[in-house]
Amino acid sequence: MKKTIYMWLVSLMSWLTHWHATTQVIYLMSFADNLTFIKQLQARLGTQLTVYYLPAATSGALTLKAAGIQVVPFQDSIHFAVAGVPVITRAATVYCDNYYAFIGGLTKRPAQRIVQLWHAAGAIKAFGWGDPQTQQRSAADRHRFQQVYDHFTDYVVGAAKMGDVFATSYRVDSQRMRVLGYPRSDRYQDPAWIAQTRSAIYAAHPAWRHRRIILYAPTYREGVTFSLPADFGQVQLAADQVLVLKLHPHLQAQTAQLLAQYPNLLTTAEDFSTDDLLTVTDTLISDYSSVIFDYALLPNCQKMVFYVFDWQTYQQRVGLQADFRSWAPGPLVTTVTALNQALAQPATATATQLATFNRLWNAHNDGQAGARTVAYFHQK
């Protein structure tokens, strides 16, 4: 009932204020990892740009504010519906880095563009209509979801493959897909950022400089308990290898628990993000995380292994892309024995798979995606 009333208020405020358009450009930020692109927007737009940010992206907002970009905190509330929704309704362009439910209640003007940038370059997990849980929601919920999907006029993607996934998952016209490259991926093609990040990591963890780093970065399992199999302690490492665990920030307590449980096997680096750690990673162990699409772009990417010990449960509860097995750039293993065998294999075993994978998912992620996207939507 609260959602229904809130969306009614959003719709009312949007309709009452949509008559007078502005040239303002709004960026809705829930992830603080696309700051370079936002700064590119500012360079083109100047004071026309305003960033509305959720609490989780506060650190990024402070960085943008220091760069002279106008930032406004927001979250779903009566105040936002009354003060923020009118500004967004009248804006010429609205960028979204996530699913924002209130978007479905906006009165969209014909000339207005609402651009979905998303927060991942590709997809392993199912979402939208592909998520098994969607079918269990009420008809009213499903109608609200589709209203949001239909409001997006443009979907910026790094390859036609991701465009196909969006079109199918959101049941929208494929003509809305803009294969410009994924702006957030530019950093992985930037030698200066890579070098600076590597230097910072080695300065903080000097013992890693001459070691081979295996990064274990499983996906965040919202609503699904994450617990490692009982025999995880039997993972075998070479003398020069380090196994670095990086769980989702929401699972910090579990990280501490696993480090205590496996003190001679696992380590971590709380002072660096997963993106940062990818720059020193020789082998990535993941499962269903979109981190693989980023890692594949880095020059140090050697090997990926998919440790999917909960494959059946995850597929039933969350859902996976139906063709995942066919394009995964590395072996899918469900046991520690198979994981050890995969880790022991030479990295050259997956080189061909990796090249094919990048052609499929990273075709336009060449380091110039941000510039192309700005030029496409804001020609001088």
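The values are calculated or read from the model by the stated rules, or taken from the named source; none is laboratory data. Just so it is clear, the model here is predicted, and its values are computed rather than measured. Cβ sites come from the backbone with ideal geometry, for glycine too, and all protein chains shown count toward neighbours. When the accessible area is computed, the model is the full protein with side chains, heavy atoms only, and any ligands, DNA or RNA have been set aside. Shrake-Rupley method; radii C 1.70, N 1.55, O 1.52, S 1.80 Å.
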With the condition kept exactly as written, say whether any residue in the range 182-194 is assigned to a loop (DSSP other than H, G, I, E, B), on the phi < 0 side of the Ramachandran plot and among the hydrophobic types (A, V, I, L, M, F, W, C).
no
Taking the range 328-345 as the region of interest, how many residues are open to solvent by less than 20 Å² (accessible area, probe 1.4 Å) and either in contact with a His (Cβ under 6 Å, 6 or more places away or on another chain) or under 29 Å from Tyr170 (Cα atoms) (or both)?
3
Would you please list the contacts, defined by Cβ atoms under 9 Å and residues six or more apart or on different chains, that run from a residue in the range 1-14 that is among the small types (Gly, Ala, Ser) to a residue that is at pLDDT below 95?
Ser14/Lys108
Would you mind stating whether Asp287 is open to solvent by 10 Å² or more (accessible area, probe 1.4 Å), at pLDDT 90 or above and charged (D, E, K, R)?
no
So which of Leu360, Leu354 is in contact (Cβ under 8 Å) with a residue 40 or more places away in the chain, open to solvent by 20 Å² or more (accessible area, probe 1.4 Å) and in contact with a Pro (Cβ under 6 Å, 6 or more places away or on another chain)?
Leu354
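Among what's in the range 195-220 and is assigned to a loop (DSSP other than H, G, I, E, B) and open to solvent by 70 Å² or more (accessible area, probe 1.4 Å), pick the residue that is modelled with the lowest pLDDT.
The extreme case among them is Tyr220.
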Only one of these is touching a residue at least 12 places away in the same chain (Cβ under 8 Å) and surrounded by fewer than 18 Cβ atoms within 10 Å (Cβ to Cβ): Ala260, Ala238, Ala256, Ala230. Name it.
Ala238
